[in-house]
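Only one structure is covered here, and it is reproduced in the block below.
The values are calculated or read from the model by the stated rules, or taken from the named source; none is laboratory data. This is a predicted model, so every value here is computed, not measured. Methodologically, a virtual Cβ is constructed for each residue, glycine included, from the backbone with ideal geometry; neighbour enumeration extends over all protein chains shown.
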Amino acid sequence: MPVGRVDAVRLPAVQAGSPSVCYTPAMTMRTAVFGPLDIEYDEHVLEPRLWTLAQSRWAAELLSSDEDTAPLLELCAGAGQIGLAAAALSYRAAVLVDSSEHACRFAARNAAAAGLSDRVDVRHGPMDEVMRPDESFALVLADPPYIPSAHTGTFPHDPLTAIDGGDDGLELARTCLRVGASHLRPGGPMLLQLRDGAQADQIAAELRGKEGTPLEVVEIRDVPGGGQVLHLVRTHGAPGTDAGRRGRTSWR
């Protein structure tokens, strides 16, 4: 996938600075232009895909008409590019969560480089363990691994933990939905990134068939050059009979 301009730099064993990222001589740090940001990453973090910037822009659009100043949350943040771009474009605070300590160090480093450290909180650990029960967010971004475990060998250059979505590719997506729903304020939007239409239809069908779920799918967008993004909303109570209905559109 194209990522815009990419600069590769061979680093010494330890990169100085705070937050720090430790390297061996074999590692290579790269920089990708991602909308308003320059994002640093290496081969142990999923390479930023430029098409995912559409998710950041959609988040900023959804938040632009919201008078509430609550922060946004990104789950499975990786190097942080999607959540950081959304925070920069929406002038919001953000919490970024990832299970990889290495990825979190890059996310914190990228937040600092963008001048966002004062309003971005990067958290390392399982997404269902690092959130406080009383935390509530204006919007949730979720960018989970979505490749079925049996097919991850097709992508040998991507870090396994960043792409392995379990048996059907949707295990982490379901966790994102559960955690996101628990911390999304009533009426708030969630944008979930998936691989393709089959996965999007599967998640929509599961939500329609799950009694009492607070999430309903509003729209599914095809992203040129990329995957699919589901726009969900947390309802104020149990979803009505039309929960899960949605339209499918192409990104303009």
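General observations
- Selection over segment 93-138 of residues that are among the β-branched types (Val, Ile, Thr) and under 20 Å from Val33 (Cα atoms) gives a count of 1.
- Tabulated pairs, segment 194-221, first closer than 24 Å to Ile147 by Cβ, second crowded, with 21+ Cβ neighbours inside 10 Å and of a type in the set (S, T, N, Q), C-beta under 8 angstrom, 6+ apart or interchain: Leu194/Gln228; Arg195/Gln228; Asp196/Gln228; Gly197/Gln228; Gln199/Gln228; Ala200/Gln228; Ile220/Gln228; Arg221/Gln228
- The condition of being among the basic types (Lys, Arg), within 19 Å of Gln193 (Cα to Cα), in contact with a Leu (Cβ under 9 Å, 6 or more places away or on another chain) and modelled with pLDDT of 95 or more holds for only one of Arg57, Arg123, that being Arg57.
- Per the listing Ala88, Ala94, the residue uniquely farther than 21 Å from Leu177 by Cα, in contact (Cβ under 8 Å) with a residue 12 or more places away in the chain and in contact with a strand residue (DSSP E or B) (Cβ under 9 Å, 6 or more places away or on another chain) is Ala88.
- Of all residues in segment 193-228 being β-branched (Val, Ile, Thr) and buried (at least 16 other Cβ atoms within 10 Å of the Cβ), the one that is modelled with the lowest pLDDT: Thr213
- Residues of segment 90-108 that are of a type in the set (A, V, I, L, M) and buried (at least 20 other Cβ atoms within 10 Å of the Cβ): Ala94, Val95, Leu96, Val97, Ala103, Ala107, Ala108.
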